[in-house]
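Down below is the structure, laid out as structure tokens.
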Amino acid sequence: MTIFSVQSTIFSRASVVLLSSNGLKRFSFASSFSSNAVYSSPLPKTKKRRCYPIVSAVDIAGVTIARNDVVRDDDPTNNVPDSIFSKLGMQLHRRDKHPIGIIKNAIYDYFDSNYAKEFEKFEDLSPIVSTKQNFDDVLVPADHVSRSLNDTYYVDPQTVLRCHTSAHQAELLRKGHRRFLVTGDVYRRDSIDATHYPVFHQMEGFCVFSPEDWNESDIDSTLHAAEDLKKCLEGLARHLFGAVEMRWVDTYFPFTNPSFELEIYFKEDWLEVLGCGVTEQGILKQSGLDNNVAWAFGLGLERLAMVLFDIPDIRLFWSSDERFTSQFGKGELGVKFKPFSKYPPCYKDISFWISDSFTENNFCEVVRGIAGDLVEEVKLIDNFTNKKGMTSHCYRIVFRSMERSLTDEEVNNLQSKVRDEVQRKLNVELR
Ligand code: PHE
């Protein structure tokens, strides 16, 4: 059985949807585009002002997705901005000379040599998934914060941009896969700083065991899976980082029990590199695997790459500046990045009275929508409530390009747009 028979599609116009082999929906009305590029067009009908070209369609593994299917000005649930839509077809993890692709390949090498190529690899599954795939299938509770519009990009009430690669666990199990790695771009609404970006890359690992795998040992099935998982991931950490100190921390995920995080000691600090655990039986049951156990992990590739290659700012992964891209080569793990230049930052503060519906993620989205990758950080620097109960926030926005010096005029212009748009979109009162 494929997931598609149970998936409520994004696009309720089911009659024009054809299902393609890689899980993407193909739209007959989008076929006027050829299928090998990202297409820019003059501004389509829109009220929004932007400082970057609008992309009217993206290509994901050979399938064209039109902007209007993902960015919907007319749907109040839709919170996907153009800046995010334009990232959909980029697939940094499939570029062999990009740090994200280099790390992915190094992890593939580890699994291929230690597990005799038992792990199947998936890396072009569509990031546009149903809420069922992203949440329900992996037992995320109905009131879990990750389901909110503040945290997740919704295309419509039943469709999101996946916020983790765990969204594919159930579909692959149902299709009969038992050991697999899923790599892909994931999307989360978040704050802005050097280690957070609304799009990043994850690799999911999943491994199912049968009774004969643990019957010979004395330990129970859950313990067997947990021990195997830890052994596998400690080996992976050593493969990537060499002889590092590491520790396991107990944690909680809705889809695993017990759940763990692996931290490694790096530059005088413990750094969380992945989440994992023994899969909840409910997930296996959905695929008729009542008598099995499994483990799963999800690791963040940017996090690993920043450490391994000494990359100081997460925005750099999206740079097409040759001074960045030329520093990395296929299979060259751990080359240290040499910063090509540090351009001066420019700080601008903005203060306003917030409304009840105000959230920092919404504010950051407005700033990113205007300044794109020219914004390095957004920090709350002052926060107080007056006698009338009105709350004021003051944010410091750090503008800095990684590629050139910004002019005063350019930054003033961006800041003035931010001031206009926060008032208009976020219902706040500037001070
Ligand atoms: N999906 C989790 C996350 O994104 C990571 C994870 C995957 C944890 C698989 C446990 C098992 O944070």
Criterion first (outside the structural domain of residue 220 (by the TED database), away from the ligand (no atom under 16 Å from the Cβ), aliphatic (A, V, I, L, M) and open to solvent by 30 Å² or more (accessible area, probe 1.4 Å)) does residue 354 satisfy it? yes
Tell me which residues, restricted to region 409-431, are assigned to a strand (DSSP E or B) and of a type outside the set (D, E, K, R). 430
Matching residues in region 224-250 - criterion: being open to solvent by less than 50 Å² (accessible area, probe 1.4 Å) and not aliphatic (A, V, I, L, M): 224, 228, 232, 235, 241, 242
The condition of being under 30 Å from residue 322 (Cα atoms), more than 14 Å from the ligand (Cβ to nearest atom) and of a type in the set (Ser, Thr, Tyr) holds, among 148, 130, 126, 113, only for 126
Just for strands (runs of 3 or more DSSP E) wholly inside region 241-352: which have at least 1 residues that are touching a residue at least 40 places away in the same chain (Cβ under 8 Å)? 256-266, 269-279, 293-300
Select from region 377-408 the residues that are open to solvent by 70 Å² or more (accessible area, probe 1.4 Å), in a loop (DSSP other than H, G, I, E, B) and either closer than 19 Å to residue 355 by Cα or among the aliphatic types (A, V, I, L, M) (or both) and list them in ascending order. 387, 388
Search result, residues across region 193-205 that are of a type in the set (A, V, I, L, M) and either more than 12 Å from the ligand (Cβ to nearest atom) or not in a strand (DSSP E or B) (or both): 194, 199
What is the residue count in region 228-280 for residues that are within 10 Å of the ligand (Cβ to nearest atom), out of contact with any Ser or Thr (no Cβ under 8 Å at 6 or more places or on another chain) and under 13 Å from residue 205 (Cβ atoms)? 2
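The values are calculated or read from the model by the stated rules, or taken from the named source; none is laboratory data. Small disclaimer: the values here were computed from a predicted structure and weren't measured. Heads up, the Cβs are rebuilt from the backbone with ideal geometry, glycines too, and the neighbour counts pull from every protein chain shown. Quick note on the areas: whole protein, heavy atoms, side chains included, nothing else; ligands and nucleic acids left out. Shrake-Rupley method; radii C 1.70, N 1.55, O 1.52, S 1.80 Å.
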